[in-house]
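One structure is given below, encoded as structure tokens.
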Amino acid sequence: MSRVAFYAHLWLGVIFTIALVAIAVSGILLNHKRGLGLMPDVANAPSRPFGESLTLSQLGEIALLAVAPSGGAPGTVDQIDRMDVRPSDGYVKVRIKDAASTEVTVDLGTGRVLHVGRRGDVFLEKLHSGEVLGKGWILLSDAAAIALTITLLTGYWLWLAPKLRRAGEAFAGEEAVA
């Protein structure tokens with residue numbers, strides 16, 4: 001068992017080191033994205049009760065108008081990647097599918113555009129999940145998590161097995177003397 005644990009521990013560690021380091025570092029940076037200035041902090045108080053908010057469709061159209069080229073037609077709903085509604089803050093964050101990962105923050109009640117800018121944390125999110133290499137690479141992140149779990153368990157086994165063996169030998173020696 002210890003030999004299998006040793007080789008599993010060794011090779012999983014060697015093979016997945018780069019992925020695990022990328023996941024760990026990107027996770028730390030994501031935990032501090034606001035402090036690092038990677039995510040815009042928009043101060044806003046709700047202008048109306050949440051029940052009186054504009055519809056998601058209206059809010060999406062307002063966001064698309066905000067990023068439309070000057071004098072150009074607004075984009076279509078297909079250009080919206082996601083909408084993050086924050087009722088307690090009174091706004092919705094609309095992320096556009098573009099190279100810059102543009103985000104438009106719109107007041108839920110009035111439709112006023114509060115902020116338009118690039119999201120700096122999108123690359124880190126994609127790196128953290130493995131998606132930076134393509135949708136199929138998300139499985140690499142899953143494999144790295146499984147490898148990390150196996151590496152931790154085999155590491156504990158490699159540390160604990162000799163101690164258990166020595167304790168068992170000492171116990172057997174005491175019984176033989178008695």
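No value in this document is a laboratory result; all are computed from the given coordinates. Treat the numbers as computed from the prediction; the structure is a model and nothing was measured. Please note: Cβ atoms are built from the backbone with ideal geometry, for glycine as well, and neighbour counts cover all protein chains shown.
Once the gyration tensor of the Cα atoms in the range 42-119 is diagonalised, the equivalent ellipsoid follows with semi-axes of 20, 13, 11 Å, ordered largest first. Pairs of Cα atoms nearer than 8 Å and 6+ residues apart set the relative contact order; for the range 42-119 it is 34 percent.
Taking every alpha-carbon pair under 8 Å whose residues sit at least 6 apart, the chain reaches a relative contact order of 28 percent. Rounded to the nearest 20 debye, the dipole size of the range 24-178 about its Cα centre is 220 debye, using +1 on the Cβ of Lys and Arg and -1 on the Cβ of Asp and Glu. Here the 3J(HN,Hα) profile of the range 52-61, calculated from phi with Karplus coefficients 6.51, -1.76 and 1.60 at θ = phi - 60°, is 9, 5, 5, 6, 4, 4, 5, 5, x, 4 Hz, Gly and Pro shown as x. When shorter helices are ignored and each DSSP H run of at least 4 residues is given -39500 (n - 2.57), the per-residue value for the chain at 222 nm works out to -17500 deg cm²/dmol. Ranking of ASP78, ASP107 by neighbouring Cβ atoms within 10 Å, starting from the fewest: ASP78, ASP107.
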